Structure formats: structure tokens, C-alpha cells
Amino acid sequence: MTRSRTCSRRARASGLMGVVLLAVAACAHPQSEVPYVWTPDDVAAHMLRLAEVTPSDVVYDLGSGDGRIVLIAARQFDARGVGIEIEPRLVAESRESARKLKVEDRVQFIQKSFFDVDVSPATVVTLYLGRELNLRLRPKLQRELRKGSRIVSHEFDMGDWKPDKMITVPGKDKAYRLMLWTVR
Ligand SMILES: C[S@@+](CC[C@H](N)C(=O)[O-])C[C@H]1O[C@@H](n2cnc3c(N)ncnc32)[C@H](O)[C@@H]1O
């Protein structure tokens, strides 16, 4: 039996939301180390404002989910963007949204692990991953990003890299913590 058929049967059989969520996590791409949870659009816009994104920026979202941060960077900030996402379904959805929003010329979605993609063209990197993954990404970011590049993380810190700025964005049900680092 194929993996996807096993997954859909598992999801159908689940009566409780918690069980469904577990089934979704179990169906995630084997290389994915965090489940897909989106950043609300207004919070994504705050992330890009925190990084002071302009039309000359190239925004890389590592683990881009449905592509929203990259799409908002292109639509609202006139920037160029690259989303790197391991899950093929989410990459297909991102590309379809880019087509519908007519920003295909400014965005690109790559279906790969972000550990396997050169991020040196980025001037801004956005993250919503988890502390442990942030820590594992640190050496790569330090090696590949140019001086002056900005990193913005939703929720999770970078260990002993102290953020240059931290803000809290109030939401309907919770407050969102955003942190900014500038590569030196
Ligand atoms: C918490 S979601 C964040 C989605 C999006 N950045 C946002 O803020 O709306 C994390 C995403 O990272 C993806 N992911 C996990 N490990 C990955 C990896 N090694 N390479 C690329 N994407 C990965 C997951 O599939 C998931 O879509």
C-alpha cells in the first residue's frame, strides 16, 4: 500500500481532532522536522516590516508552508522571494497561489530540504521552525549570508545569539513574538 493511501485511511478513521492532527503529522514528509503551522498574514507582514524589507530585497522563507510570507513580500513589499519547502503538496499550493496573484515573475518555490539549498542570495531570511532547528541552521546562515542580511524568527530564539530587536504583536487569541538579527 502506498504511503498516501495509508495516510488518508488513517485520517478517515480518526474521530477526534487530536487524533487527526497526529495523523497529519504522521503523513508529513519524512524529512520534515516540524509540522506545518502557518503564520497569520498580518504577523507575516510585521515580520517583513521588522526586517525593513524594500523592493531591492530577496526574502527566503525556510520551510515556507503555503508560501504566504514569500507571497506577501512580493505583493505588499515589491520584493523578490524564494520559499523552500520539503512538502510537495505545499509547494504546489504556493506555486498555484503565485500564479493566481500574478507574482510568478518575482517568486520561486523550491521543493527541497533547506539544509540542501544555498541561501547566499538572500538579503532577508524568515523562520518559523523551532529552537532546535534554528540552532542547527545557525552555522549555515553564518557561512552563507552576507553582512547586513537580516534574519527574522517567529516565536523561536537562536540560543546565545541575542536579537537586535524583539517585538510582540497582539493577536486575537495570543501574542506573537518576533525577533530580528542582523548578520555582522
Ligand atoms: C511551522 S511551518 C511554517 C510555515 C511558514 N513559514 C509560515 O510561517 O507560515 C514549518 C514548515 O517547514 C517545513 N519543513 C520542515 N522541515 C523542513 C526542511 N528540512 N526543509 C524544508 N522545509 C521543511 C514544514 O513542512 C512546514 O511547512
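The values are calculated or read from the model by the stated rules, or taken from the named source; none is laboratory data. These figures come from a predicted structure and were not determined experimentally. Positions of Cβ are backbone-derived with ideal geometry, glycine not excepted, and every protein chain shown enters the neighbour counts. SASA here: full protein model, heavy atoms, side chains in, ligands and nucleic acids out. Shrake-Rupley method; radii C 1.70, N 1.55, O 1.52, S 1.80 Å.
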For the stretch 53-125, the accessible surface attributable to carbon and sulfur atoms (probe 1.4 angstrom, ligands and nucleic acids excluded) amounts in percent to 46 percent
Which of Lys100/Lys147; Lys112/Lys140; Lys100/Lys165 have a Cα-Cα distance over 25 Å?
Lys100/Lys147; Lys100/Lys165
Within the stretch 132-146, list the residues whose amide N lies under 14 Å from a label point set 7 Å along Cα→Cβ of Trp38.
none
Pair Asp118, Lys162: separation of 7 Å Cα→Cβ label points (nm)
3.5 nm
Calculate I(q)/I(0) for the stretch 56-127 by the Debye formula, one identical point scatterer on each C-alpha and no solvent, and give its log10 at q = 0.17, 0.22, 0.23, 0.26 Å⁻¹ to two decimals.
-0.49, -0.84, -0.92, -1.16
accessible surface per residue for the stretch 44-144, probe 1.4 Å, DNA/RNA/ligands not counted, whole Å² -> 44 Å²
At a temperature of 37 °C and a viscosity of 0.692 mPa s, determine how fast the stretch 27-73 diffuses translationally according to Stokes-Einstein, using the Kirkwood radius over alpha-carbon pairs as Rh; express D in µm²/s, rounded to the nearest whole number.
278 µm²/s
Are there any trypsin sites (Lys or Arg not before Pro) in the stretch 72-168 that are in a DSSP loop and have at most 13 other Cβ atoms within 10 Å? List them by number.
Lys102, Lys112, Arg146, Lys147
For the stretch 114-184, using Cα atoms only, the Rg and Dmax in Å read 12.4, 38
Please label the shape of the stretch 65-169 as rounded, prolate or oblate, based on the square roots a ≥ b ≥ c of the eigenvalues of the alpha-carbon gyration tensor (a/c under 1.5 means rounded; beyond that, a/b larger than b/c means prolate, else oblate).
prolate
